[in-house]
Amino acid sequence: MQKRYLIPLLSIAALFCLPEAFSQGANSHVPTLEESATKPNILWIYIEDTNAWMSCYGDAVAKTPNIDQLAKEGVRFDRAYMPSGVCSPTRSAVITGMYQTSIGAHEHYSSFSVWRGNVMETWEPNHIGIKTVPEIMRTAGYYTFNEGKFHYNFVFDPDELYHRHGTNGYKGAKNGTEWSGRKEGQPFFGQIQLVGGKFSNAKSVVKPEDVGVPPIYPDHPIIREEIAYHYNTILELDRELSEIIEGLKRDGLYENTVIFFFSDHGCRLPRSKQFLYEGGIRVPFILAGAGVPAGSVRDDLVSGIDISATTLALADIGIPGNMYGMNLLADDFHRDYVVSARDRCDFTIDRIRAITSKRYKYIRNFMTEKPYMQPNYRSDWELLKFMESEYEAGKLNEVQSHFFRDERPAEEFYDLWTDPHETKNLVHSIDRDYQVALANHRDILYRWVLETDDKGRFPETDNALRAVIDRWGDEAVNKEYERVRE
């Protein structure tokens, strides 16, 4: 059975990571300080907004030889799911190994005192009281770095997490960037953030006429252009990966480095990013390097929060008891299901939860009074305006128009084996097997909400809402803002 924790039952000492709460054994937050060249280097190649449209995943449109080679040298995970469909909640969960909903980091761009140069007049600080993965690795003697965005929805000091932190992208591991700033022989834990699906000047190698169009979208040039664009960003990603690997080999580090290659969520298509369908939360994930079996493919369920626990295990550091993440390489690793959550994204208030099991996807929409495509930061994009106009003109079929209606169901239930695009909602099916499975998934979600203390049950504070208005102004149109708007 999948392990569960009752967060409210953690001792106060454990919750705040005091050394006396743990022995130096398997649950220690404070591993023995030591530096050892025998420990593996660990590198997270952290990609933005990218789906697994790669040749190693069986996609025939674009060839990705460098990603394919990495997969051959390690494990390719075919069913990796992120805890959210948007970056900051996912990043908050992955860096702590805990659900973002359990640590109050579930609202996108929350706990920011400064946002894009704008100093918040009011904001709601989130002090989580637990150690992040880089803090634990640093205490264990690792050199830690992060080249790129943080976007953690809690209060932190980057200088306490990382010896080095810089802007997005690989810089050649020179002059103190990446691993080049560490002591001689010191192992490193690092993150290189690549823009992935946000790459703005990708070469137009894949043409619109080369791609297929999923049935959830109309076959129109504007849709084809968007899909082709995403393929071309993946080709740029493949090139960037080769440069990073060349740098590791140049410095004699490749053989003793474990690489985690993964995306924070799916691409920017309307039904992908920010939502909990397959296109939003199912991501490419490859793990390769020292101590990792080569040439493996796994189709079992894994969660992005497992990256944290696996990182610590590879460094021979005990996994703290507060973590929900599990060691992917452990003999007894198993998940019956993965959980993903969507809450406020930018200024758009929402609450959705998803349970993905081996065969099924259960989605619970808690705010049915709001349409899927309520005003959001992409509303002015040509792609979204095109879809809205096609819907208004009655040019979309039943499947394509579902996402643009004024209402949505409280529950969605899909058979991923027979309906991978999640187009047939089985909530009202008369099939007994489906109804039994649906009841089971409802129960899983109910228990998960209570056992993990899902803080999405509670509205944001006045100061948190004021901070959103400070950032977004009149774009924050949800009724929830009325109580604090002056």
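The values are calculated or read from the model by the stated rules, or taken from the named source; none is laboratory data. Predicted, not measured: the structure shown is a model, and the values here were computed from it. Virtual Cβ from ideal backbone geometry, glycine too; neighbours counted across all protein chains shown.
What to note about this one:
- Hey, GLU225 in the same structural domain as GLY190 (by TED's automatic domain parsing) and either in contact with a His (Cβ under 7 Å, 6 or more places away or on another chain) or free of Cβ contacts under 8 Å to residues at least 24 places away in the same chain (or both) or not: yes
- Restricting attention to the stretch 172-198, the residues that are crowded, with 17+ Cβ neighbours inside 10 Å, out of contact with any Lys or Arg (no Cβ under 8 Å at 6 or more places or on another chain), more than 22 Å from ALA315 (Cβ to Cβ) and not hydrophobic (A, V, I, L, M, F, W, C) total 1.
- Failed item, numbered, when PRO293 is tested on (1) within 26 Å of ILE67 (Cβ to Cβ); (2) within 18 Å of the chain's Cα centre (by Cα): (2)
- Test: GLY169 is touching a Ser or Thr at 6+ places or on another chain (Cβ under 7 Å) and either touching a residue at least 12 places away in the same chain (Cβ under 8 Å) or assigned to a strand (DSSP E or B) (or both): no
- Of everything in the stretch 412-441 that is touching a helix residue (DSSP H, G or I) at 6+ places or on another chain (Cβ under 8 Å) and among the acidic types (Asp, Glu), the residue that is nearest to ILE352 (Cα to Cα) is GLU422.
- Any hit, the stretch 296-310, residues being touching a helix residue (DSSP H, G or I) at 6+ places or on another chain (Cβ under 6 Å), buried (at least 22 other Cβ atoms within 10 Å of the Cβ), farther than 30 Å from PHE404 by Cα and of a type in the set (Ser, Thr, Tyr): yes
- Out of ASN440, ASN463, one residue alone is modelled with pLDDT of 95 or more, assigned to a helix (DSSP H, G or I) and more than 17 Å from ARG364 (Cβ to Cβ). It is ASN463.
Quick grid of which residues meet (1) surrounded by 24 or more Cβ atoms within 10 Å (Cβ to Cβ); (2) in the same structural domain as VAL195 (by TED's automatic domain parsing); (3) in contact with a helix residue (DSSP H, G or I) (Cβ under 9 Å, 6 or more places away or on another chain); (4) over 22 Å from LEU312 (Cβ atoms):
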position: TRP44; (1), (2), (3), (4): no, yes, yes, no
position: ALA62; (1), (2), (3), (4): no, yes, yes, yes
position: VAL75; (1), (2), (3), (4): no, yes, no, no
position: TYR81; (1), (2), (3), (4): yes, yes, yes, no
position: GLY85; (1), (2), (3), (4): yes, yes, yes, yes
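- Single residue of the stretch 462-486 satisfying the filter (touching a residue at least 24 places away in the same chain (Cβ under 8 Å) and within 25 Å of the chain's Cα centre (by Cα)) that is surrounded by the most Cβ atoms within 10 Å (Cβ to Cβ): VAL468
- The C-beta contact set for the stretch 112-129 (first residue among the acidic types (Asp, Glu), second residue part of a loop (DSSP other than H, G, I, E, B) and surrounded by fewer than 15 Cβ atoms within 10 Å (Cβ to Cβ), distance under 9 angstrom, 6+ apart or interchain) comprises GLU124/THR461.
- Leading residue by the ranking (modelled with the lowest pLDDT) among those in the stretch 53-74 that are among the hydrophobic types (A, V, I, L, M, F, W, C), in contact with a Phe, Trp or Tyr (Cβ under 7 Å, 6 or more places away or on another chain) and part of a loop (DSSP other than H, G, I, E, B): ALA62
- Qualifying residue in the stretch 108-118 (condition: among the small types (Gly, Ala, Ser) and crowded, with 24+ Cβ neighbours inside 10 Å): yes
- Checking each residue in the stretch 180-217 for being more than 24 Å from the chain's Cα centre (by Cα) and farther than 23 Å from ALA62 by Cα picks out SER180, GLY181, ARG182, LYS183, GLU184, GLY185, GLN186, PRO187.
- Odd one out for ARG138 among (1) under 24 Å from ILE281 (Cα atoms); (2) touching a strand residue (DSSP E or B) at 6+ places or on another chain (Cβ under 6 Å); (3) among the charged types (D, E, K, R): (1)
- Boolean, THR96 is among the hydroxyl-bearing types (Ser, Thr, Tyr), crowded, with 24+ Cβ neighbours inside 10 Å and within 22 Å of PRO320 (Cα to Cα): yes
- Residue in the stretch 226-235 that is out of contact with any Leu (no Cβ under 8 Å at 6 or more places or on another chain), on the phi < 0 side of the Ramachandran plot and either part of a strand (DSSP E or B) or charged (D, E, K, R) (or both) present: no
- TYR372, sole failed condition from (1) part of a loop (DSSP other than H, G, I, E, B); (2) touching an Asp or Glu at 6+ places or on another chain (Cβ under 8 Å); (3) not charged (D, E, K, R): (2)
- Among the conditions (1) β-branched (Val, Ile, Thr); (2) crowded, with 22+ Cβ neighbours inside 10 Å; (3) not in a loop (DSSP other than H, G, I, E, B), THR50 misses just one, which is (3).
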